[in-house]
Amino acid sequence: MIHGIGIVFLITSAITVAGALAAALLKNLIHCVLCLSITLAGLALLYLQLDAQFAGFAQILVYIGAVAILVVFAILLTRGAGIPEYRNVSSSWLVSLVIAAAIFALLTWAVIRSFPATAAGAAPGATVQSIGSALMSTYVLPLEIVAVLLTVALIGAVIVAMPESGAAGKSIEKGGAQ
Amino acid sequence: MSFIQSMDQIFITLQHWIAGLFPLWLQPAVMAILAVVAILGAFPAIFAVTTVLERKGLGRMQNRLGPNRVGPLGILQPVADGIKSLTKEDIVPFTADGLVHFLAPLVLVTAVFLGFAVLPIGRNMVLVNMDAGLFFFFAIGASVELSIFMAGWSSRNKYSLLGAMRAIAQMISYEVPLLLSSVVAVMITGSLSTTKIVEAQSGFTGIFPHWYVFTPWGFAGFILFVIAALAETNRSPFDLPEGESELVAGYFTEYSGFKFALFFLGEYLGMLSIAGFGITLFLGGWGAPFSFLGFIPSWLWFFLKLFAAISFFIWLRGTLPRLRQDQLMNFAWKFMLPMALLNLVVAGAWRFLGEGWQRWIICSVVLLAAYFLLGRTLMRHQKLGPRSYRYAE
Amino acid sequence: MTPLAGFLIVAALVFAIGLAIALTRRNAILVLVGIELMLNAANLNLIAFWRFSPHAANSLTGMMFAIFSIAVAAAEAAVGLGLVIAYHRHTKTTDLDAMTRMRG
Amino acid sequence: MMPAPASLLTDNTASWIVRNLWLIPAVPMIAAGLIALLRQPRRKTAATLAIGGLGFSLVLAISAFAHVLGAWHAGAETRETISFNWLDLGATHLQLGWLLDPLAAVMLVMVTFVGLLIFIYSTGYMEHDENFTRFFCFLSLFAGGMLGVIIANSLLLLFMCWEIVGLTSYLLIGFWYHKPSAASAAKKAFLTTRVGDIFFLLGIVWLFAQTGTTLFYNNGAGAIEPAALTALLGQPAAWGLTAAGAIGLLIFAGAAGKSGQIPLHVWLPDAMEGPTPVSALIHAATMVAAGVYLVARVYPLMAAGAGPGSTTISLTVVAWVGALTALFGALVAVAQNDIKRILAYSTVSQLGYMMVGLATGGVAIGMFHLITHAFFKALLFLGAGSVIHGNHDEQDIRHMGHLRTDMPLTFVTYSVGMLALSGFPIFFSGFWSKDAIIGAAHSWPVSKGPFILLIAGALLTAFYMMRQVSYVFLGHWRGKGHAHESPMVMTLPLSLLAIFAIGLGVLGTPVWPWFTSFIESMPIAAESEPGMIALMVTSSLLVFLGLGLGWWLYARKPIRRPALAPEHRHTSEHGDEESQAPGEIVDVLESASPVIWTVLANRFYFDELYELTVLRLYAALAWFSDWLDRRVWGGIVSAVTSAFKALGWTNKSLDSQWIDGAFDKGCEELVNSGGVLAWLQAARAPGYLRMLAIAVLALAAMALVIASATGQVRL
């Protein structure tokens, strides 16, 4: 299905990048996260264009359904919603920007340089069935490990975020106001 | 082609006929558009019918006539409502975050409509016969939460925000049992495609169909699915997010006019789609309940079942009191989740115990035992005394 | 420019933006968001390579890689946000420039 | 107790009972461990655990007994052993193991059975004690240790269990440690037995040095099997003793310590401070018997080189010590007023009898008396316990009397025990066993001394038992309040024991000497020595004489309470100390000849003797070493320290002047340079991220450059 750069691809990638840029530039954290979710949706669409249905849906389910919500909750819990009272970009942001740009340049340059024109082969038969059998046969060990990892992460996150009994933390230095 | 089959496939033939009027290169697009339009038309209509059904049904349950002014027996009530909500002024709070406030209902409705794309309404009647259809549905359903959050947060109102938070917490908690309980059907069918799942249930022994609900794991899964679905769609007894007594109307308190209507639509469509999937997964989709009733068109069966499910929901709403937040969460994590997980295991056992009556005994016994034990442990810490009316008399 | 290159460049862009977010923004949560973006860019790369690899038809490696990394990213997000919340409970801030308790 | 190695359990040559013999001691020990974990108020559980454990051991013991019995009837080898390496000391190994032979089997059954009865009894006796669980923990630990001693096939293992037994007896005697008398008694018992154990250990080491093994029987290679014995007989030790004899004597010292032979008997009477069941279990039935059993176990070692007409020096020593102990105990017992002390001293004397029996008549005769004595002495002690229990913890016999009506069952059983102990003819087991010993002593080739002593002892035994009984059960009631019969759980064991005290006799009659032949695992043959009948007649005459004398002196006119003010009526653990207290009953013999009486009542001043000699010596030594420590060593140490102080001071001054200065300079430089680097580590996470990014950038660039250099990428 993919020969040349399709119009659909251009639109989706534009949406994706735009969302990412917005997430980078907006002041309001919640807006940032919403834009981020736009980006994530765009990425999911890109996956679909790459015939990776399962990955795409997984992307939507995990990122938009869970991670975005999680981030939003975190923002609300840390009272980060609304315009922050302090400058929202760190000092010496210029340097960072330069670094990011440099890395982008490097990558693009490498990409453009290193690929001879290759058209895509036939759409790979990535049916859910094949993925499932692969998960259960070839990738069973990684699967188990990921399962354990997720469990541990879940418990760990709960324990970390659990308010420790008694003194609810000494407030050291108030955020920002320096 | 016999009359029965033609009746069964009437919409398909219609679609093909209309598409035939167009030039060849347009036909795929036209067919898709037709299907979409059909869905966009059919389900809102059902939504309208549902509203009036619900209001009248609830009225009857509460010893009052429901709406009975507009049209004969108030049949035209939804039309009136629609006109009213369209003509009302659209109020946006001053401090509200305008863009998000505007986008929220759209996102909701879009997401919900997307859900119907993989719902098999009848034989060969599914918009996209996707290989990972069920997965798609759940992914879309997950993104509904984001829209709810947008609605609650953007309207700068503590009731809205609280409602949104409650709704999201509840939906996330119940998404897990919902998924797990539907996975059993997938396990047994061996496919995530909704059409395949329905076809797997289309057989008959004697006059009785091979619906999954008629197996131990299927029954347990169905019950869990129904409960989780109630919670997912914020229907009572899980309608805390819009508990009128506590938070005015939950996350769409600050919505009015057409946006409010959209939310309303979204909610009911969500209910319809999830009910449809419940039917697809456990009640044999568009299959006939008895072999000798096969002459009735499949789509008709589907919609009959859908209405039955809806009336069940309405009945529950008229019957059950609202839960408390902690009860809700406890129930989700301490009962639903373990039961669903156990149900997975049981389904696997069913698959590997082979044919024969033993597997019926074993699976049922295991599930019943788990049900009783879990119920015991869950109920132990709640002192359920006789209800006390402190301010009565 | 080949389709693959296109996907890769989009990925590179997303990655760069994620990096920029992680480097410039002061809010810890946003930094996490940036990291998520970078992970997603990597996933896009993986899937693109998988799709365009000559023997994509019979091997699923790239996509599997992506799926696993999605799962891991979810865990990472959970833990990271938990940490941020815990930190916020102690010192009422999520400002990275203010997180200097470990300074010598 | 011992971790049975897998090699053992898979060894199929031995029968299962032998392979699992280790369970017999292990189970009570495990029970003890479990009880130790229990909380204070879990009395029922504790008792159930202990009794259950010992009951299990009893079942096993009985099956073992049956096994040996079967082997004996089949005429097969009745001794089976199992041994395994415990420690590998280079070339040589320390081996542990257990054995099952008639001796062990009989002892096992006796100990488990009597022990079980006593356990049951104690549930009633200790009912009101708040340390119930602790008590049962100790009891079953003790039982485990004792059983271990019995089945041990290796001196080493035997010694371990021996020490466990010693420890538990210490714990149990001092069970009521809040009573200073009990505490000191416990210490006394522990130390006194230690004295013996030192010799015992020396003996073991010597034996190991000589024979290279501590196993008794190891099919031919054991330490007390002919091969080793001949080797041991080869080496002469001091005073014409062979190595065998010397080792035997050393071990006998240990045995004497445990089973209270002169001069190590002093702890035994004081041990009566412990709860009565303990006295019954430890100081009547089992532990004191352990010494005798030990001697019986190493008998070949002592008897090595003894011909038919002759004997060895060690055996002679044993015989004389035993005989002296027997008479001594009997004499002292006459003049005691504490019911339990009387029994204690009679135990001492009976142990003496056993020793004599072993020395003169061989293993079987001594063991027979051991068994019978275990039963009737346990019976007596439990009876005494029941009396004490029923008399509100009154132990002074002068404050009892006329209990025959108040506690009929106790009275009957007690008098059965009494008759058995004093060897009433024909019907009672004591008669047969004791008579066998007397007969053996009579036909002892070396000298008639022990015989005379034993005869006198027998007379006295009958006398003091009669005295005690008439004090306690006859005469008029002289105590306070009102006595009551003990509960069922206490009287049931009494009656059971009474039955055995009567019935056991039939096993050892000369007409059908089942026991003897079983122990020596030979076919039963009625033995008939010349003059045996005459001997029996004389001894029974003596018994009658003793009983009659006792009755004449104490029971003919019932003892009544002397008229006196009630405030003088104070109970006492040590009746003898207050025997001269005003208003007490004055014993008939005392009025007859006060001097002898006082000597007897004060137990020949043994304790005082030890006070004067041993303790003084120790005190002096302690004082001296203390002085040495303070003055001499202390002086040296303080001198050294002061010297080092001076040295240190000079060092310090040097340090602070020179080295510190240099060091500080260096540090300042370091600090400055560190400050230069510190901004990198300014604890700003974005900073770190940036560093990371830069590094990645650099690496990627480098990779690209290299790749282009190698022509993989067209630049």
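The values are calculated or read from the model by the stated rules, or taken from the named source; none is laboratory data. The model shown is predicted, which means the values in this text are computed figures rather than measured ones. For neighbour counting, all protein chains shown are included, and Cβ atoms are generated from backbone atoms with ideal geometry for every residue, glycine included.
Just checking, does the range C:26-37 include any residue being facing another protein chain (nearest Cβ under 7 Å) and at pLDDT below 80?
Among the residues of the range C:26-37, at least one is facing another protein chain (nearest Cβ under 7 Å) and at pLDDT below 80, which makes the answer yes.
Pick from the range B:149-160 the residues that are out of contact with any Pro (no Cβ under 8 Å at 6 or more places or on another chain) and in contact (Cβ under 8 Å) with a residue 12 or more places away in the chain: which of them is surrounded by the fewest Cβ atoms within 10 Å (Cβ to Cβ)?
The qualifying residue surrounded by the fewest Cβ atoms within 10 Å (Cβ to Cβ) is B:Tyr159.
Given the criteria in contact (Cβ under 8 Å) with a residue 40 or more places away in the chain and part of a helix (DSSP H, G or I), does D:Thr360 qualify?
yes
Got at least one residue in the range A:136-146 being exposed (fewer than 15 other Cβ atoms within 10 Å of the Cβ), within 20 Å of C:Val79 (Cα to Cα) and either more than 7 Å from every other protein chain (Cβ to nearest Cβ) or modelled with pLDDT under 85 (or both)?
yes
From B:Ser191, B:Ser182, B:Ser147, grab the single residue that is on the phi < 0 side of the Ramachandran plot and touching a Phe, Trp or Tyr at 6+ places or on another chain (Cβ under 9 Å).
Only one candidate passes the filter, namely B:Ser182.
What's the number of the only condition in (1) modelled with pLDDT under 80; (2) surrounded by fewer than 21 Cβ atoms within 10 Å (Cβ to Cβ) that A:Ala105 fails to meet?
(1)
Criterion first (more than 7 Å from chain A (Cβ to nearest Cβ), over 19 Å from A:Pro142 (Cβ atoms) and outside any strand (DSSP E or B)) does C:Ala73 satisfy it?
no
Is it true that C:Leu60 is crowded, with 22+ Cβ neighbours inside 10 Å, at the interface with chain A (Cβ under 7 Å from one of its Cβ atoms) and in contact (Cβ under 8 Å) with a residue 24 or more places away in the chain?
Taking the combined requirement at face value, the residue does not satisfy it.
Quick one: would you say D:Ala46 is surrounded by fewer than 15 Cβ atoms within 10 Å (Cβ to Cβ) and either part of a helix (DSSP H, G or I) or in contact with a strand residue (DSSP E or B) (Cβ under 9 Å, 6 or more places away or on another chain) (or both)?
For D:Ala46, the condition - surrounded by fewer than 15 Cβ atoms within 10 Å (Cβ to Cβ) and either part of a helix (DSSP H, G or I) or in contact with a strand residue (DSSP E or B) (Cβ under 9 Å, 6 or more places away or on another chain) (or both) - is not met.
Could you pull out the residue among D:Leu677, D:Leu697 that is exposed (fewer than 10 other Cβ atoms within 10 Å of the Cβ) and within 14 Å of chain C (Cβ to nearest Cβ)?
D:Leu677
Which of the numbered conditions does C:Leu46 fail, given that it passes all the others? Conditions: (1) free of Cβ contacts under 8 Å to residues at least 24 places away in the same chain; (2) more than 7 Å from chain A (Cβ to nearest Cβ); (3) within 19 Å of A:Val71 (Cα to Cα).
Result: C:Leu46 fails condition (3) only.
Would you check if B:Phe94 is in a helix (DSSP H, G or I), of a type in the set (Phe, Trp, Tyr) and more than 16 Å from the chain's Cα centre (by Cα)?
Against the criterion (in a helix (DSSP H, G or I), of a type in the set (Phe, Trp, Tyr) and more than 16 Å from the chain's Cα centre (by Cα)), B:Phe94 does not qualify.
What's the total number of residues in the range A:18-35 that are within 12 Å of C:Val14 (Cα to Cα) and at the interface with chain C (Cβ under 9 Å from one of its Cβ atoms)?
4
Can you pull out every residue in the range C:1-43 that is aliphatic (A, V, I, L, M), touching a residue at least 60 places away in the same chain (Cβ under 8 Å) and in contact with a Lys or Arg (Cβ under 9 Å, 6 or more places away or on another chain)?
The answer is C:Val31, and nothing else.
Going through the range B:98-157 one residue at a time, which ones are farther than 27 Å from B:Val186 by Cβ and facing another protein chain (nearest Cβ under 8 Å)?
Residues satisfying the conditions are B:Val100, B:Phe149, B:Met150, B:Trp153.
Just to check your reading of the model, which residue among D:Gly439, D:Gly417, D:Gly430 is farther than 26 Å from D:Arg341 by Cβ, touching a residue at least 24 places away in the same chain (Cβ under 8 Å) and part of a helix (DSSP H, G or I)?
Among D:Gly439, D:Gly417, D:Gly430, only D:Gly439 is farther than 26 Å from D:Arg341 by Cβ, touching a residue at least 24 places away in the same chain (Cβ under 8 Å) and part of a helix (DSSP H, G or I).
Got at least one residue in the range C:76-99 being among the aromatic types (Phe, Trp, Tyr), within 14 Å of A:Tyr47 (Cβ to Cβ) and more than 7 Å from chain A (Cβ to nearest Cβ)?
For the range C:76-99, residues among the aromatic types (Phe, Trp, Tyr), within 14 Å of A:Tyr47 (Cβ to Cβ) and more than 7 Å from chain A (Cβ to nearest Cβ): absent.
Can you tell me which residues in the range B:249-279 are out of contact with any Phe, Trp or Tyr (no Cβ under 7 Å at 6 or more places or on another chain), closer than 29 Å to B:Phe302 by Cα and of a type outside the set (A, V, I, L, M)?
Correct list: B:Phe264, B:Gly266, B:Glu267, B:Gly270, B:Gly276.
Which numbered condition in (1) of a type in the set (Phe, Trp, Tyr); (2) in a loop (DSSP other than H, G, I, E, B); (3) under 18 Å from B:Val198 (Cβ atoms) is the only one that B:Trp301 fails?
(2)
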